[in-house]
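Only one structure is covered here, and it is reproduced in the block below.
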């Protein structure tokens, strides 16, 4: 396993992302204010060089938005992203294009992310041509063949199209495309969620080996706690656009302190200690990011919520050893696990 540096490769400061906000013809006609979706709310964290930071939470909590905002695939509304000393959020288009050679993404859907009209050689080789990393098409094909072999694809399939591959093979194509420019940092946006379980295991082992061999740094987005527990060095738990708990993966998963993290952990079967905890079933759905609740965003579903939770945003508590959680009841050491 590659050594984890104490120096951050990525630093995120108060990152905000809102969607909408402009008045269109319908809003002018009805007189209603424009829709404004608050996907990220002042998110701050670091990703250390050589580590895998797992990002977990329910669908709609902002995980994928955060990953794409780091790369400016989605433009942040405000805040700062610093990559290896360079402020990504301040880069002009040409400088951003050059920076993206070092920051790549593996998308969730291995078919929708590939151009069906392009061959595998063209899909994987495009970053080489964009960044001037191949002198000609012959050199490009040689480099594409080498990376295809590295991710477990047959090199005699260079001229095939995406529909001629299985789901697992298509995801390997997406991984090869992300790696071809020799990046330092990769956002893995739920790269195994659309695959069969047996294929998931193969892709996870592939990503683990590539990280070790190439010295990569991952932000691994997933809703699967078991995958996060296997792959990650640290984990960040996200709820409604905010990171509510963060720390070493063993610490957070074995001793979750935020009620939301506790509810997630209660859903994971413990085969070694069946019946240790009762399944915690949260009431209600995830609130709308268009009109998030005041105070602690989780108070509408938290069985432990008190009056301060409903009106005041909780502070982030330092629990030691890099473990933090944002909850008014942390000092009371309460738990919804029984």
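Structural remarks
- Percent RCO, i.e. relative contact order, over the chain, from Cα pairs under 8 Å lying at least 6 residues apart: 19
- On the basis of the beta-carbon distance and an R0 of 30 Å, residue 111 and residue 86 show a calculated FRET efficiency of 0.35.
- Ordering 308-314, 141-147 by mean Cβ neighbour count within 10 Å, with the highest value first, yields 141-147, 308-314.
- For peptides 103-109, 7-13, 165-171, sequence by mean Cβ density within 10 Å, most packed first: 103-109, 165-171, 7-13
- Taking 0.36 nm per residue of separation and subtracting the current Cα-Cα distance, fully stretching the chain between residue 201 and residue 94 would add 34.7 nm.
- Residue 230 versus residue 311: modelled label distance in nm, points set 7 Å from Cα along the beta carbon direction: 4.8
- Computed E for residue 138/residue 212 - FRET, C-beta separation, R0 45 angstrom, nearest 0.05: 0.90
- Neighbour-count ranking [beta-carbon atoms within 10 angstrom, fewest first] of 130, 319: 130, 319
- Approximating the spin labels as points 7 Å out from Cα along Cα→Cβ, the residue 13-to-residue 335 distance works out to 3.8 nm.
- One chain, two ends: residue 73 and residue 44. Fully extended at 0.36 nm per residue, the span grows by 8.6 nm beyond their Cα-Cα distance.
- Size-normalised alpha-carbon gyration radius of the chain, reference 2.2 N^0.38 Å: 1.06
- Once C-alpha pairs closer than 8 Å and six or more residues apart are averaged by separation and normalised to the residue number of the stretch 140-226, the relative contact order reads 29 percent.
- Theoretical gain in end-to-end length, residue 4 to residue 118 [0.36 nm per residue, Cα-Cα removed]: 37.3 nm
- Solution diffusion estimate, µm²/s, Stokes-Einstein, the stretch 2-161, Kirkwood Rh from C-alpha pairs, 37 °C, viscosity 0.692 mPa s: 176
- Ordering of 235-242, 254-261 by packing is 235-242, 254-261, highest average first (other Cβ atoms within 10 Å, averaged per residue).
- Reported to the nearest whole Å, the Cα centre-to-centre distance from the stretch 186-201 to the stretch 237-256 is 21.
Rule-based calculations on the coordinates, nothing more; no lab input. All of these numbers come straight from a predicted model, not from anything done at the bench. As a convention, Cβ positions derive from the backbone with ideal geometry for all residues, glycine included, and neighbour counts pool all protein chains shown.
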